[in-house]
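> This is the structure I have questions about; it appears just below.
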Amino acid sequence: MIEEHDHSYRIGIGTDIHRLIEGRKLMLGGVYVPYPAGLAGHSDGDVGMHAVIDALLGAAGMGDIGTLFPSDDPKYKDADSKGLLLDVKERIEEKRWTIVNIDLTIHAEQPRLERLKAQMKRCIASLLGIDFNAVNVKAKTNEGLGEIGSGEAIAATATALLRKKIKRTL
């Protein structure tokens, strides 16, 4: 008889930061944010999604976003980070990892993100196929300090908890 048991848990941390530039659409946590500037980057520059991707990859011991989706590869030019997250989800599931939860913090002086946090949670949970309550999104300012505080950049930090299933023969 084969029975599945929880075997191990792993935590990963992901971070990302991009400079704000005019003439680009602002995407954060998979959600369009109305704002006069967007994030510079080879893909859509979504620091929230990029931090979540790196947290998942780190927890699974599978490298980082830059290795999987290199910025010098033309096929990722202006790529939608939601698609990159789906790709990573498939890769970690192939390795028998289950996503337990995601915690994402977006660091931005402007725009204010309070009204968009639930949309970001819904987007991330839906893409990962996990419960809405297994995703948390926070927004923090830098109190006017540094590039983020001066409104020149937006950053994100994420953690991910994964659970691995193993098969045991009884």
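The values are calculated or read from the model by the stated rules, or taken from the named source; none is laboratory data. Bear in mind the structure is a predicted one, so any value in this text is a computation, not a measurement. No Cβ is skipped: glycine too gets one built from the backbone with ideal geometry, and neighbour counts run over all protein chains shown.
> I'd like to check something: does region 137-155 contain any residue that is in contact with a His (Cβ under 6 Å, 6 or more places away or on another chain) and part of a strand (DSSP E or B)?
Checking region 137-155: at least one residue is in contact with a His (Cβ under 6 Å, 6 or more places away or on another chain) and part of a strand (DSSP E or B).
> Next question, about the same structure. Within region 93-112, is even one residue in a helix (DSSP H, G or I), within 16 Å of the chain's Cα centre (by Cα) and either among the small types (Gly, Ala, Ser) or at pLDDT 95 or above (or both)?
No, the conditions are met nowhere in region 93-112.
> Related question: For region 19-61, name all the residues that are part of a loop (DSSP other than H, G, I, E, B), in contact (Cβ under 8 Å) with a residue 40 or more places away in the chain and not small (Gly, Ala, Ser).
Passing the criteria: PRO34, TYR35.
> Ok, one more. Tally up the residues in region 36-89 that are surrounded by fewer than 20 Cβ atoms within 10 Å (Cβ to Cβ) and β-branched (Val, Ile, Thr), please.
Final tally of qualifying residues: 1.
> Please verify whether ASP16 is acidic (Asp, Glu), under 29 Å from ARG163 (Cβ atoms) and assigned to a helix (DSSP H, G or I), treating the condition exactly as stated.
no
> On to the next question. Do we find that THR67 is over 21 Å from ARG163 (Cα atoms), of a type in the set (S, T, N, Q) and either in contact with a Phe, Trp or Tyr (Cβ under 7 Å, 6 or more places away or on another chain) or part of a helix (DSSP H, G or I) (or both) in this structure?
Judged against the criteria, THR67 is a match.
> Another one. For region 96-142, give me each residue that is of a type in the set (Gly, Ala, Ser) and within 18 Å of ASP46 (Cβ to Cβ).
Correct list: ALA108, ALA118, ALA125, SER126, ALA139.
> Considering only region 70-92, state which residues are more than 14 Å from the chain's Cα centre (by Cα), assigned to a helix (DSSP H, G or I) and among the acidic types (Asp, Glu).
Within region 70-92, just GLU90 meets the criteria.
> If we scan region 120-141, do we find a residue that is modelled with pLDDT under 95 and either touching a strand residue (DSSP E or B) at 6+ places or on another chain (Cβ under 6 Å) or charged (D, E, K, R) (or both)?
No: zero hits.
> For a quick check of your reading of the model, give me the residue pairs whose first member lies in region 155-170 and is surrounded by fewer than 20 Cβ atoms within 10 Å (Cβ to Cβ) and at pLDDT below 95, whose second is outside any strand (DSSP E or B) and not aliphatic (A, V, I, L, M), with beta-carbon atoms closer than 7 Å and at least 6 apart or on different chains.
That search, which allows pairs on different chains as well, returns LYS164/ARG96; LYS165/ARG96.
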